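Below you'll find the structure, written out as structure tokens, and then a few comments.
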């Protein structure tokens, strides 16, 4: 069985989903794909189903009854991946803002010792294409804000392009993750850092979507700003033991 799984959450991605799947399946080494679709009214899930015969045992689909948030989609995918004994579990957007070729680089970073590798827009300057300057500044200073509040040294704290070794996801208590939007990405990095896992940032070039509609909203930004403070305060009253985290997962 393949040891690498790419999780792609989708909501109305009919313009991109087949193209991104085919690009990933052309990579070496091989990657399996799990699409987690939140009942897309545009027929995204149907497109995936039509491809599953062609890519049997490599392409999988989980359908959820409605739009429940990015964080819960990934947590659903993480649990599925662990239950199917994948060693390396990737997060990736469907819209080509993440270059599929960089999956190989993220995987290599984990092979070389990282527990979590992050496709970083800000590791070597600002590597963002086709974003309005206002959005670049919001994203860049959001990461600076998170570093200031949490003490993490990660340059791109909101990045959503990542590779986890399974031991990270086995340790983090996934059912206790609080946030659903971009704060979810921050919370997962914060927990990996608090548990003492080795985190490596891999410089990438992030290109804004060319097709489909962005899912960014004011509510997501609000959750990220205030959620970071709540997360930091809560961490003062919690112990981070890898053994306890793994035991809690097994009990659940």
**Message:** Considering only residues that are at pLDDT 95 or above, out of contact with any strand residue (DSSP E or B) (no Cβ under 9 Å at 6 or more places or on another chain) and crowded, with 18+ Cβ neighbours inside 10 Å, which ones fall in region 27-71?
**Reply:** 47
**Asked** Which numbered condition trips up residue 119, out of (1) under 25 Å from residue 14 (Cβ atoms); (2) assigned to a helix (DSSP H, G or I)?
**Response** (2)
**Prompt:** Just wondering, is there one or more residues in region 202-222 that are surrounded by 15 or more Cβ atoms within 10 Å (Cβ to Cβ), closer than 17 Å to residue 168 by Cβ, in contact with a strand residue (DSSP E or B) (Cβ under 8 Å, 6 or more places away or on another chain) and at pLDDT 70 or above?
**Reply:** yes
**Message:** Is it the case, given these coordinates, that residue 81 is over 25 Å from residue 206 (Cα atoms) and surrounded by 15 or more Cβ atoms within 10 Å (Cβ to Cβ)?
**Reply:** yes
**Item:** Residue among 184, 197 that is closer than 29 Å to residue 130 by Cβ and modelled with pLDDT of 80 or more
**Value:** 184
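Go through region 122-154 residue by residue and tally those that are part of a loop (DSSP other than H, G, I, E, B) and surrounded by fewer than 19 Cβ atoms within 10 Å (Cβ to Cβ).
Here the count works out to 11.
Kindly state which strands (runs of 3 or more DSSP E) lie completely within region 1-106 and contain at least 2 residues that are within 21 Å of residue 188 (Cβ to Cβ).
Details: elements: 4-10, 32-37, 59-63, 88-91.
Where strands (runs of 3 or more DSSP E) fall fully within region 1-106 and carry at least 2 residues being within 21 Å of residue 188 (Cβ to Cβ), they are 4-10, 32-37, 88-91.
The values are calculated or read from the model by the stated rules, or taken from the named source; none is laboratory data. Treat the numbers as computed from the prediction; the structure is a model and nothing was measured. No Cβ is skipped: glycine too gets one built from the backbone with ideal geometry, and neighbour counts run over all protein chains shown.
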